[in-house]
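Here is the structure we will look at, set down as structure tokens.
None of the figures in this text is laboratory data; all of them are computed from the coordinates on show. Please read all numbers here as calculations on a predicted model, not as lab measurements. Using ideal geometry, Cβ is built from the backbone for each residue, glycine included, and neighbour counts are taken over all protein chains shown.
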Amino acid sequence: MMKNFNVKFFSMLLFAALMSVSFTACGNDDDDDPIENGRNDDNGTGIVNNGGNGDEKLTPDDEKNFLDETARLFLSYFDANDFQELVNVSKQLETVSDDDKVFDKWAEGFLSNTLTGIEEAHASSYNYDMYLKISYYDRLLVASNFNGKFSASYNGKWKKDGESNDLILSFTDKDNVEWVMTVKKSGNIKGKIHASNSSSGSYVDKYKYSEQRYNNYIEIPENVNVIVTRQGKEQINIKLNVASMDIKDGQYDITSSLNATATGNVVGYNFEVAFNYAPNAVSTFNATLKKNSTLLYSRKLSARIIAEGKEVTDVKDAKCDIDILGRVQMSIASDNAFDLNNALNAVSDYDEDGNRDSWDLEKTKAHANEANKALNKAYITNNGGRAEQATMNFVTEEYDEYWQNSWEHKGKSYRVVPALKFADGTSYLFDEYFTKAAFGGTIDSFNDLVNRFKKLDK
């Protein structure tokens, strides 16, 4: 059974924990001199590359400083001002009206409602009977009808300029600068996939309420390309290619292969994502993020996923490698990630008598041992080196008292948590190592970046 298996499992154990604590922490800044965007270690950031030459092992404190420096350098590459023009035009689009219902009329061409059934129900409310009518529909976004030319100006109205094989929206902002968004699609339709559920309703009269509930499906073309230009200069270019995908009843069939890639350039930030899945074979999910030509982040994830029917029954040979700016590398591997996941979940599961293993220290320790057996390796290195700066394993921790009922105190409660072990033999729990005091530089840089993004909308 795959019910409780987290699809982000591999990166969330050690590495997302490192990322979330050291890259997205919150706090206050005593130093108002942020790192200048896009600079390297040796030209004015104030960051010295003290992560060793890749072969030497650092002390826990030296490694802590290096992680904090790397996180700050990573954040320094993100400049909120890069997105200012995109924010401005998105706000200005709110000034355009559609009084002539141009888009409503156009939507009828690509949105089809197929009535699948009607159910009626009566409900009593207060001192009168309310009549409730519920209609159920399947609604499909048809990619082949996603076309047409439309234009508008600042404080103006949308109008249709003509037909096109693509969808083209042009807008002239308040500075008389033209923005154009083009959505291109090509290739075969891979199928329709369930995208969301939605509903709408209204009162027919004082006592009658009519509600429509929709299952929303969307067609998946083989190729989709979204391009946004400003005065003819490209601001956004995102491409999606689905080479193979098998859809049955609106759901992806996990017993078939899936090959998809996505690439994008958003005002100088470039990403690439490639997903290649085949049941009972080694599947990969790789991703990179660049600022212009500088590689900021890369991740390589692989696993052999065992599928039977509609269920994933096992995950073998799992490995995740992450690199940050070439300075920090993180890796985790498990021959049997399914057992690892089950061991961690079992700590908080209830047995048939309503008891949890987390209420028993020995049972919690047993689950930690099971997790460690399933975890082949988890470690961190610096500067592409071979020396392990820290390894990770699972330990037990007392964290609370438990009450079997809201009034009945029983005793101690325990949990399984990750811990880092360094070359000098010292070990630290994550919350002991990634403290606000140690990673104050990252906290301040992150808060400064968030505040800069907030100011874009003012």
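Hey, which of these cross-link pairs are over 29 Å Cα-Cα: K290/K316; K319/K365; K300/K454; K57/K377; K101/K291?
K290/K316; K300/K454; K101/K291
Going through region 122-223, which trypsin sites (Lys or Arg not before Pro) have at most 16 other Cβ atoms within 10 Å and a DSSP loop state?
Here the sparse-neighbourhood loop sites are K174, K206.
Starting from the Cα of E94, move 7 Å in the Cα-to-Cβ direction to define the label point; list residues of region 150-165 whose amide nitrogen is under 17 Å from there.
154-156
What is the distance in Å between the Cα centres of region 393-458 and region 205-250?
38
What net charge do the residues around S298 carry, taking every other residue with its C-beta under 11 Å from that of S298, with Lys and Arg at +1 and Asp and Glu at -1?
0
How large is Rg/Rh for region 227-370, to two decimals, with Cα atoms and a Kirkwood Rh? Don't jump to the answer; show the numbers that get you there.
Details: Rg = 20.6 Å, Rh = 18.5 Å.
On the Cα set of region 227-370, Rg over Rh gives 1.11.
Applying 1/(1 + (r/R0)^6) with R0 = 25 Å to the Cβ-Cβ distance of A437 and E56, what FRET efficiency is obtained, to the nearest 0.05?
E between A437 and E56, to the nearest 0.05, is 0.45.
Out of residues 5 or more away from S135 or on other chains, whose amide H comes under 5 Å of its own, with H placed 1.01 Å from N in the peptide plane?
E211, Q212, R213
For region 246-336, give the magnitude of the charge dipole about the Cα centre (Cβ charges: +1 Lys/Arg, -1 Asp/Glu; no others), in debye to the nearest 20.
Charge dipole, region 246-336, about its Cα centre: 500 debye, nearest 20.
Using the Cα centre of region 380-458 as origin and beta-carbon charges of +1 (Lys, Arg) and -1 (Asp, Glu), tell me which of I380, G425, Y399 is placed farthest towards the positive end of the dipole.
Selected residue: I380.
Using a Cα-Cα cut-off of under 17 Å, which aspartates and glutamates could be cross-linked to K373, ignoring same-chain neighbours fewer than 8 residues away?
Filter leaves D314, D317, D335, D339, E362.
Taking the Cα-to-Cβ direction at N345 and at K410 and moving 7 Å from each Cα, how far apart do the two end points lie in nm?
2.1
Hey, what does the equivalent ellipsoid look like for region 166-243, semi-axes from the Cα gyration tensor as sqrt of 5 times each eigenvalue, largest first, whole Å?
Values for region 166-243, descending: 35, 24, 8 Å.
Count charges around Q212 for me, please; just the other residues with Cβ under 11 Å from its Cβ, Lys/Arg as +1, Asp/Glu as -1.
+2
Within the P(r) computed for region 251-313, what percentage of the Cα pairs occupies the region above 17 Å? Mind dumping the intermediate values first?
Numbers: 966 of 1953 pairs.
So the portion of pairs separated by more than 17 Å is 49 percent.
At a Förster distance of 22 Å, what's the computed FRET efficiency of E234 paired with T263, Cβ-Cβ distance as r, to 0.05?
Efficiency computed from Cβ-Cβ geometry: 0.95.
Quick one: net charge around E63, please, counting Lys, Arg +1 and Asp, Glu -1 for every other residue with C-beta under 13 Å from its C-beta.
Computed value for this residue: -3.
As a quick test, which of the pairs K190/K239; K149/K458; K91/K455 have an alpha carbon distance above 20 angstrom in this structure?
In this structure, K149/K458 lie more than 20 Å apart at Cα.
At a 10 angstrom cut-off on C-beta neighbours, averaged per residue, how do the peptides 217-226, 421-430 rank from highest to lowest?
So the order, starting with the most tightly packed, is 217-226, 421-430.
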